[in-house]
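One structure below.
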Amino acid sequence: MTALGDHIAVVTGAASGIGKAIAERLAAAGAAVLVNDLRADRAEAVAAALRAAGGRAEAVGADVSDADAVERIFAAAREAFGDCTLLVNNAGHVHQSPFEALDVADWDRMIAVHLRGTFLCCRAAIPAMLAAGDGAIVNIASQLGQIGGVDLVHYSAAKAGIIGLTKALAREVSGRGVRVNAVAPGPIETELVRNLSEEWRAAKRAQLPLGRFGAPEDVAETVAFLASPAARIYVGQTLGPNSGDVML
């Protein structure tokens, strides 16, 4: 297993699904993990389980779209472990709607959680990383940010924005020691995807060369790789654990 014992990781949206699997994978590799989720009780339950398994973990309940709340996340990481050296922007929100029925409020919430949240967390993490001349950021996008999705215009737009942010930020900071990359999963068996309609799930499954959705652990392994020294020349990349849905 890749050793990540030097890392102090902040993982957003880490109380379930992909985020939980990422937190577990990083903790198992030795990283100290600050578990964030919108619900503090669920975040603390994950952190407690990581500690029970011998890991170093603390929890903070916070909405990543709130600038003050994001500052609390990183202050808690500093107090518990030190400055964040690995940021995983995973917090997400899924909502389906045909474009002509899409409410402004639903559009705004989607952009706020995914794109604004990624921006705010990167902004909070980067000063210490630049001062140290070292750090890694992994932004969780989606293959729908590359190809689009029916009834998911707002989700697809938010995830495409994360991919663009990743590339631009990588050009700014990689020369100063901070690697920024993205992971664009295909459909993964999580609560968020299970909440989508069965019609959408069946149609999507039929499109995949593998014929099946991935598991959260598949994404966690990709994140662990990007966080590791083995990915030292990966900059501004978008890796795709997506069952063959997108081939680049």
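Within the stretch 64-75, the set of residues being within 16 Å of L38 (Cβ to Cβ) and surrounded by 18 or more Cβ atoms within 10 Å (Cβ to Cβ) comprises V64, S65, V70, I73. Here S243 meets each of (1) buried (at least 19 other Cβ atoms within 10 Å of the Cβ); (2) of a type outside the set (V, I, T); (3) over 17 Å from Q143 (Cβ atoms) with one exception, condition (3). Scanning the stretch 82-127 for residues that are under 23 Å from A27 (Cα atoms) and either surrounded by fewer than 18 Cβ atoms within 10 Å (Cβ to Cβ) or of a type in the set (D, E) (or both) gives G82, D83.
Listed by position, the helices (runs of 4 or more DSSP H) enclosed by the stretch 53-157 include none that has at least 1 residues that are at positive phi and acidic (D, E).
From the list V138, V104, the lone residue that is without any contact (Cβ under 8 Å) to a residue 12 or more places away in the chain and closer than 24 Å to A69 by Cα is V104. Taking the stretch 193-220 only, how many residues are crowded, with 17+ Cβ neighbours inside 10 Å, assigned to a helix (DSSP H, G or I) and in contact (Cβ under 8 Å) with a residue 60 or more places away in the chain? Qualifying residue count, the stretch 193-220: 4. Of the residues making up the stretch 32-45, those that are aliphatic (A, V, I, L, M) and more than 16 Å from the chain's Cα centre (by Cα) are A32, A40, A45.
Exactly one residue out of A168, A158, A182, A231 is touching a His at 6+ places or on another chain (Cβ under 8 Å), modelled with pLDDT of 95 or more and of a type in the set (A, V, I, L, M, F, W, C), and it is A158.
For the stretch 205-226, how many residues meet the condition of being closer than 22 Å to V10 by Cα and in contact with a Ser or Thr (Cβ under 8 Å, 6 or more places away or on another chain)?
Final tally of qualifying residues: 3.
Residues in the stretch 71-108 that are over 19 Å from the mean Cα position of the chain (by Cα), closer than 17 Å to D134 by Cα and of a type in the set (A, V, I, L, M): 0 in all.
Applying the criterion of being part of a loop (DSSP other than H, G, I, E, B) and free of Cβ contacts under 8 Å to residues at least 40 places away in the same chain to the residues of the stretch 4-31, the residue that is nearest to the chain's Cα centre (by Cα) is A15. Taking the stretch 21-49 as the range and being closer than 21 Å to D83 by Cβ and buried (at least 24 other Cβ atoms within 10 Å of the Cβ) as the test, the residues that pass are I22, A23, L26, A27, A31, A32, V33, L34, V35, N36, A43, A47.
The values are calculated or read from the model by the stated rules, or taken from the named source; none is laboratory data. Not measured: the values here are computed from a predicted model. Reconstructed Cβ throughout: ideal geometry from the backbone, glycine too, with neighbour counts over all protein chains shown.
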